[in-house]
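Presented below is the structure to which this report refers.
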Amino acid sequence: MYQRIDASQWRAIYIVGDLHGCLREFAQALHGVRFDPWQDLVISVGDVIDRGEDSAGCLALTECRWFRCVLGNHEAMALDALDGGDYALWYLNGGSWYTRLAGAARKRAE
């Protein structure tokens, strides 16, 4: 699926990669550049989840109007695991955070 982004609609567009669940560090970096969610856009070029402290929080960024992302290999591993039921490769690469989710948090992650 392609999405066209009209750059004239944003004050600034930031490109990031490999958040890997590091929401706190990402938030600090946004603060450091005086990011404004009403005027600025972030495009993540993959690997939003796995390895860091808050993959669920980083995954929730996909619901923000100021955040767009491209599927990375970690998201592809997660989708393959969820679709096929074999979690070994995903968990080996940092996906074990998913096992700690329950209820609504797990449903949101799916």
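The values are calculated or read from the model by the stated rules, or taken from the named source; none is laboratory data. Nothing here was measured: the structure is a model prediction, and the numbers come from that model. Because the Cβ atoms are built from the backbone with ideal geometry, glycine has one as well, and the counts that use them run over all protein chains shown. In case anyone asks, the SASA skips ligands and DNA or RNA and just uses the protein heavy atoms, side chains included. Shrake-Rupley method; radii C 1.70, N 1.55, O 1.52, S 1.80 Å.
Residues to consider are Y87, Y98; find the one that is touching a helix residue (DSSP H, G or I) at 6+ places or on another chain (Cβ under 8 Å) and open to solvent by 20 Å² or more (accessible area, probe 1.4 Å).
The conditions single out Y87.
Is it the case that some residue within segment 4-14 is of a type in the set (S, T, N, Q) and buried (at least 18 other Cβ atoms within 10 Å of the Cβ)?
For segment 4-14, residues of a type in the set (S, T, N, Q) and buried (at least 18 other Cβ atoms within 10 Å of the Cβ): absent.
Going through segment 24-72 one residue at a time, which ones are more than 13 Å from the chain's Cα centre (by Cα), of a type in the set (D, E, K, R) and surrounded by 15 or more Cβ atoms within 10 Å (Cβ to Cβ)?
Scanning segment 24-72 gives a single hit, D40.
Pick from L30, L59: which is modelled with pLDDT of 95 or more and closer than 14 Å to W97 by Cα?
On inspection, the qualifying residue turns out to be L59.
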